[in-house]
1. For region 241-267, what are the residues that are at pLDDT 95 or above, in a loop (DSSP other than H, G, I, E, B) and out of contact with any helix residue (DSSP H, G or I) (no Cβ under 8 Å at 6 or more places or on another chain)?
2. Taking region 160-209, which residues are surrounded by fewer than 20 Cβ atoms within 10 Å (Cβ to Cβ) and in a strand (DSSP E or B)?
3. Can you find a residue that is within 17 Å of the chain's Cα centre (by Cα), aromatic (F, W, Y) and outside any strand (DSSP E or B) anywhere in region 123-140?
4. When you check T245 against the structure, is it among the β-branched types (V, I, T) and under 30 Å from K291 (Cα atoms), yes or no?
5. Identify the single condition in (1) surrounded by 21 or more Cβ atoms within 10 Å (Cβ to Cβ); (2) in the same structural domain as K291 (by TED's automatic domain parsing); (3) assigned to a loop (DSSP other than H, G, I, E, B) that G80 does not satisfy, given that it satisfies every other one.
6. More than 23 Å from T270 (Cβ to Cβ) and touching a helix residue (DSSP H, G or I) at 6+ places or on another chain (Cβ under 6 Å): which single residue out of L112, L137, L48, L63 fits that description?
7. Which of the following residues is within 19 Å of the chain's Cα centre (by Cα) and assigned by TED's automatic domain parsing to the domain that holds N186: L249, L225, L239?
8. Taking the conditions exactly as written (polar (S, T, N, Q), in the same structural domain as G26 (by TED's automatic domain parsing) and surrounded by 23 or more Cβ atoms within 10 Å (Cβ to Cβ)), does T105 satisfy them or not?
Amino acid sequence: MRAITLNHYGNADVLTLSDIPQPIPGPQQILVQVKAFALNRADILQRLGKYPPPPGESDILGLEIAGVIVAMGMDVTGFGVGEHVFGLVGSGAYAEYCLIDQAMTMVMPENLSFTEAAAIPEAFLTAQEAIFSLGQLQKKESILIHAGASGVGTAAIQMAKQCQATIFTTTSTPEKMAKAKELGANTVINYKEQDFAATILALTENHGVNVIIDFIGASYFSQHLQLLQNDGRLSLVALMGGSKTDIDLRIVHTKRLQIKGLAMRSKPLTEKRKITKQFITKWLPLFAKGKLKPVIDSVFFFHEVKAAHQRMENNLNIGKIVVRVD
């Protein structure tokens with residue numbers, strides 16, 4: 001099969017289209033002919049040598065796929081060859097064929113294309129975990145979602161809106177602000193032009209918010225502690241602004257704050273299976289009804305994957321970047 005490989009770490013030029021052996025499914029695995037996959041920041045970090053795949057996973061990049069079942073392991077039940085499916089994988093998505101655990105496999109709603117389905121798993125499963133499992137967002141509470149025009153950000157805004165939350169979000173351009181507003185954010189802040197913390201405190205009469213979805217880390221941490229209400233929850237999803245910071249533990253103690261980290265890729269398969277099951281039950285039906293939708297920034301062809309990576313690295317995307325495998 002054809003796959004995108006890299007012989008060494010570096011910029012997007014290290015991505016190479018190669019011919020490699022097709023994988024063989026284990027007892028509980030499904031072999032999917034990949035029709036589309038989506039990009040994630042984790043792919044870029046892995047390409048740079050900063051985020052290796054979990055032990056036992058393929059060295060091929062990629063965390064989410066959509067395609068057609070072509071083979072199944074001996075213990076797989078409930079699926080059939082030819083079915084259109086999508087889901088989250090540990091790695092290996094940048095290829096014509098990819099293995100996926102049967103419990104991580106989701107049947108595509110009929111109203112979705114392969115391109116749309118590929119844009120769902122990582123963004124919406126991460127948002128589900130960050131907002132509800134860790135953040136424990138309740139109906140009509142308030143939430144700050146950073147990177148509101150990113151894949152996870154666009155998913156998080158939509159999901160938070162489903163529980164009638166008051167949504168604050170940050171982003172960096174008028175186009176990104178407009179998309180976040182369109183998706184349901186109540187207040188959109190250009191973090192390059194405004195102090196997001198001061199703005200939110202002013203709008204909430206110094207009350208702040210109940211939940212924060214944080215992709216930034218160290219550089220925003222002290223502001224987040226100030227922004228959180230009593231019993232507030234912070235879900236730390238990424239560390240784009242650094243990992244080391246001083247913490248005033250008196251604020252955490254006095255406000256009874258909860259700070260929780262989320263790294264989806266390193267979660268045990270048993271936990272990922274539970275997360276997928278929850279998503280299938282609660283959220284997947286909303287895609288079929290049109291109440292949730294993946295936001296797709298752009299679609300590239302297989303041989304254009306370098307350009308796709310460069311677009312993400314330059315922070316140009318609004319929503320997901322998808323690559324078609326034709």
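1. Across region 241-267, the qualifying residue is only R256.
2. Passing the criteria: T166, T187, N190.
3. Residues of region 123-140 within 17 Å of the chain's Cα centre (by Cα): 123-135.
Within this subset, residues satisfying the condition of being aromatic (F, W, Y) are 124, 132.
Add one more test, that the residue is outside any strand (DSSP E or B), and what stays is 124, 132.
Yes - at least one qualifying residue is present in region 123-140.
4. Values: among the β-branched types (V, I, T): yes; under 30 Å from K291 (Cα atoms): no.
The answer is no for T245.
5. Looking at each condition in turn, G80 falls short on (1).
6. Numbers: L112 fails: touching a helix residue (DSSP H, G or I) at 6+ places or on another chain (Cβ under 6 Å); L48 fails: touching a helix residue (DSSP H, G or I) at 6+ places or on another chain (Cβ under 6 Å); L63 fails: more than 23 Å from T270 (Cβ to Cβ).
That would be L137, the only listed residue that is more than 23 Å from T270 (Cβ to Cβ) and touching a helix residue (DSSP H, G or I) at 6+ places or on another chain (Cβ under 6 Å).
7. On the way: L249 fails: within 19 Å of the chain's Cα centre (by Cα); L225 fails: within 19 Å of the chain's Cα centre (by Cα).
Criteria check complete, one pass: L239.
8. On the way: polar (S, T, N, Q): yes; in the same structural domain as G26 (by TED's automatic domain parsing): yes; surrounded by 23 or more Cβ atoms within 10 Å (Cβ to Cβ): yes.
Yes, satisfied.
The values are calculated or read from the model by the stated rules, or taken from the named source; none is laboratory data. On a predicted model such as this, the values are computed, not experimentally measured, just so you know. Here the Cβ is made from the backbone with ideal geometry for all residues, glycine too, and neighbour counts use every protein chain on show.
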